[in-house]
Amino acid sequence: MDAEVRILAGGGATDARTAKVIQLYATPGGAVDSRGSRNSVREQGRRRHPSQQTGGNVTKSTPAHGKSSQPSQLGHPNTDGFGRPAAQVTPISDEVRLPAESLGVEHLGPTRSSPLFSLSGLRGAVADSLTATAGFIRERMTGDYEVDEFGFDPHFTESVWFPAVRQVYDNWFRVEVSGVENLPVEGGALLVANHAGTLPIDAVMTSLAVRDNHPTGRHLRLLAADMAFETPAVGEVARRIGATVACTSDADRLLRAGELTAVWPEGYKGIGKLYKDRYKLQRFGRGGFVTTALRNASPIIPVSIVGSEEIYPMLADLKPLAKVLGLPYFPITPTFPWLGPLGVVPLPSKWHIHFGRPIETGSYDESSADDPMVVFDLTDHVREEIQQTLFRMLSRRGSVYFG
């Protein structure tokens, strides 16, 4: 009991379970944060985005500074209301006043059991996919379909891709989604998510989560690495399902067209990190996604994904072999390469995807996109929002595979 009290006093958390999770995932070597590191986090928290400030006017292109005269309230806007009793968490910084009410997204339905115990739906899943594919072929023969300038084929995506992916989404990963109300009904927005899992399966799951849960069924356009389009067959499918190269020009065109666009700034550093570093965000590049959002005055929506880290627990990376094969990494997992092709089958971890509250960029003027300090500050803010949300989600998590 005394140990828990010391953790709570040193880590800033007000719940024992939350404190232990933050200690596990955030503190190198398992040491409790010192007062100096708390002050460092507090100083970082003072460089927040103006959309998080609720008092006073904020001038364009200059983040708000100074503490609010009103006291902080407990809670966090991106993580309240996950169905389990809320664990109170001290806000990231003193001047950010956060509402105590929940997000209004509760998970009250029955928990779906792990497919390790029930594979009765496999036959039906295969039948549904085959039926959808047959219908696609019949309709395709009429030639009544459209493909946009990026190669996005809604007909293929809806008739072939999503029916197949949905079986994995529903029955293998049993994905839960919250915060859908934070996605705009219309107009462009830039979704920024944590990246993990050895293979970029999280991008596919996020795309389906938006399509199946958005009130108007919007499509999510993915910004993918060059390697995806250089790989035979993969590149063609990626184009068809709405992905394009993660470059400034394509991102600008998508946002100006009013598309929901998603980016994973960690890149290979995120999906290629070792299991011991799970849920610790890697560097967010140089903030190119922030520059794009600022230039298009598009809101940034932080997306936090729990479950992707456990599908292929990477125990080691054979860098020499990866270099020979021209790969960013060569993973060694509990099943790969020991089980051959079976090692490519992901483990059935329980997933939760949360869409956080939008971070508005309209309070900045056009020159802010070329200001390195503004870009760095906003990049750091988005990264911190996702990291803190992941900590909170992990503190409320049940079993990794049997939840």
Check: Looking only at helices (runs of 4 or more DSSP H) that fall completely inside the range 257-325, which ones have 2 or more residues that are of a type in the set (A, V, I, L, M)?
Finding: 288-296, 319-325
Next item on the list: Please give the number of the condition T389 fails out of (1) under 27 Å from A251 (Cα atoms); (2) open to solvent by 10 Å² or more (accessible area, probe 1.4 Å); (3) among the polar types (S, T, N, Q).
Entry: (2)
Item checked: Every residue from the range 269-294 that is open to solvent by less than 30 Å² (accessible area, probe 1.4 Å) and among the basic types (K, R) -> K273
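Yes or no, residue by residue, for (1) closer than 18 Å to T291 by Cβ; (2) open to solvent by less than 50 Å² (accessible area, probe 1.4 Å); (3) of a type in the set (K, R); (4) within 16 Å of the chain's Cα centre (by Cα):
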| residue | (1), (2), (3), (4) |
| --- | --- |
| P320 | no, no, no, no |
| L339 | no, no, no, no |
| L342 | no, no, no, no |
| T361 | yes, yes, no, no |
| F376 | yes, no, no, no |
| H381 | yes, yes, no, yes |
Note to self: From the list S349, S298, S308, S368, exactly one residue is crowded, with 20+ Cβ neighbours inside 10 Å, of a type in the set (S, T, N, Q) and touching a strand residue (DSSP E or B) at 6+ places or on another chain (Cβ under 8 Å). Which is it?
What the structure shows: S298
Margin query: What's the number of the only condition in (1) within 17 Å of L390 (Cβ to Cβ); (2) touching a residue at least 40 places away in the same chain (Cβ under 8 Å); (3) surrounded by fewer than 18 Cβ atoms within 10 Å (Cβ to Cβ); (4) not hydroxyl-bearing (S, T, Y) that E266 fails to meet?
Written below: (3)
Check: Of the residues L315, L325, which is on the phi < 0 side of the Ramachandran plot, of a type in the set (A, V, I, L, M) and either at pLDDT below 95 or touching a Lys or Arg at 6+ places or on another chain (Cβ under 7 Å) (or both)?
Finding: L325
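The values are calculated or read from the model by the stated rules, or taken from the named source; none is laboratory data. Predicted model, so just to flag it, every value in this text is computed and none were measured. Note that we place each Cβ from the backbone using ideal geometry, even for glycine, and neighbour counts take in every protein chain shown. Surface accessibility is based on the protein's heavy atoms, side chains included, excluding ligands, DNA and RNA. Shrake-Rupley method; radii C 1.70, N 1.55, O 1.52, S 1.80 Å.
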